[in-house]
Amino acid sequence: MPQGVQRSVRETGEEEAPSHSCRGEVCETQVVRSYTEWDPLEEVVVGHLDGAVFPAWQASMAATMPESSWNLFREQGGRPFPEPHASAAQRELDTLARVLELEGVKVARPEPANQETGFATPHWQSPGGLYAAMPRDSLMVVGDTIIEAPMSWRCRYHESDSFRTLIKSYFLKGANWLPAPRPQLTDDLFAPDPRAGGYAITEFEPVFDAADFIRFGRDIVVQQSHVTNEFGIRWLERALGPEYRVHRIEVNDPHAMHIDATILPLAPGKLLVNGQRYIPNALFADWEVRVAPAPTLPYDWPMYFCSPWVSMNVLSLDPETVVVESHEEPLIDALTDWGFRCIPVDFRHLYSLGGSFHCVTVDIRRSGGIGTYLNV
Ligand code: DAV
């Protein structure tokens, strides 16, 4: 780099460019800043299950939810999850929060919300909400910006409300706050027969779940899915601007909903993949790709929302450290062999409610700046 370029603006006499987006307000450091899934984690939101209820059924769920849940959601939508399973899952979340704190990570938790209260728009009504357990679905941090996703499940319409106290406080400390356009979620959004092949949602308006995107510095990888349409991907791509490049990847997952049990980068050049769903393309030509061992969950364990492949939904604390479910010994062995320190945490009760460590968290701050990691 030529010398002149490296000279600071102070030396040139120009006004120093702000290193973050405080935009004239008083703030000492960037409170929100995360570009990757692996840089050293400094602050994180961990979800909770206070007041959590079964989601109310909508036809598009048939494309993604286990068939055993269809009637359950039809009949129990808006009512609490069964005990003692739900309390056990809540304890697992609280333990995760403590473990992260012991590792030196600052942990924030969302507000409790009454998910049993029904709500309506002029076009539809829902008997209740869902939970504040999976902030990775509704929120995404890219650089210093918190993005609120326009989710397509009607019962999740108010889900980011539980995180608003946190988001407002991060905004007041200098973060950018970017809610996607409020979706209408009218019948036009939903494919007439969600089981007929193709996606369960149309291109009526932009929708996405944040968990269909995964961050690699200036490159962001996304899968289109039964909750994320091309319109939503295009909205995010344009909102992020030319500093970022969004790459669509093809996955072999007829039930696609969230990319983080299909691919997960654990460190620069180290990609964990679900071998049944993804064959790496040229983007990862310079990366070492390892296939996650099969999950260890007993076949009769209740899984209301997702597949046992949430086993690979680990959380990186830094490029050498991952939080892994305690029972997933083949995965722990594989990651240890790959050079990682594994922190085992019990999380099987939480699995039942639709995710694991990556799903139940959203990074607020990881050290490190924007970098280029993919072969594009
Ligand atoms: O069933 O593999 C899990 C991702 C949940 N957020 C699955 C998707």
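The values are calculated or read from the model by the stated rules, or taken from the named source; none is laboratory data. Please read these numbers as outputs of a predicted model, since none were measured by experiment. Here the Cβ is made from the backbone with ideal geometry for all residues, glycine too, and neighbour counts use every protein chain on show. Surface accessibility is based on the protein's heavy atoms, side chains included, excluding ligands, DNA and RNA. Shrake-Rupley method; radii C 1.70, N 1.55, O 1.52, S 1.80 Å.
Any residue in the stretch 78-97 that is of a type in the set (A, V, I, L, M), buried (at least 17 other Cβ atoms within 10 Å of the Cβ), in contact with a helix residue (DSSP H, G or I) (Cβ under 6 Å, 6 or more places away or on another chain) and in a strand (DSSP E or B)? No - not one qualifying residue is present in the stretch 78-97. Within the stretch 141-151, is even one residue open to solvent by less than 10 Å² (accessible area, probe 1.4 Å) and farther than 30 Å from Val324 by Cβ? Yes: the stretch 141-151 contains one or more residues that are open to solvent by less than 10 Å² (accessible area, probe 1.4 Å) and farther than 30 Å from Val324 by Cβ. Here the strands (runs of 3 or more DSSP E) wholly within the stretch 284-364 that include at least 2 residues being buried (at least 22 other Cβ atoms within 10 Å of the Cβ) are 315-318, 321-325. Tell me which residues, restricted to the stretch 244-266, are away from the ligand (no atom under 16 Å from the Cβ) and farther than 11 Å from Val289 by Cα. Hits for the stretch 244-266 are Tyr244, Arg245, Val246, His247, Arg248, Glu250. Enumerate the pairs (first residue in the stretch 270-283 and of a type in the set (Val, Ile, Thr); second residue anywhere and open to solvent by 20 Å² or more (accessible area, probe 1.4 Å)) with beta-carbon separation below 7 Å, excluding pairs fewer than 6 apart on the same chain, so at least 6 apart or on different chains. Going by the 7 Å Cβ cut-off, the qualifying pairs are Val273/Pro280; Val273/Val289; Val273/Val291. Every test in (1) within 30 Å of Asp193 (Cα to Cα); (2) at pLDDT below 95; (3) open to solvent by 80 Å² or more (accessible area, probe 1.4 Å) is passed by Pro112 save one, and that test is (1). Remark: pairs (first residue in the stretch 43-67, under 16 Å from Val227 (Cβ atoms) and within 13 Å of the ligand (Cβ to nearest atom); second residue modelled with pLDDT under 95 and open to solvent by less than 20 Å² (accessible area, probe 1.4 Å); Cβ separation under 6 Å; 6+ apart in sequence or on different chains) = Ala63/Pro194. Taking first residues from the stretch 211-227 that are under 17 Å from Pro268 (Cα atoms) and part of a loop (DSSP other than H, G, I, E, B) and partners that are at pLDDT 95 or above and of a type in the set (Phe, Trp, Tyr), the Cβ contacts under 6 Å between residues at least 6 apart in sequence or on separate chains come to Arg218/Tyr244.
Only residues that are surrounded by fewer than 17 Cβ atoms within 10 Å (Cβ to Cβ) and assigned to a loop (DSSP other than H, G, I, E, B) were counted in the stretch 115-140, giving 7.
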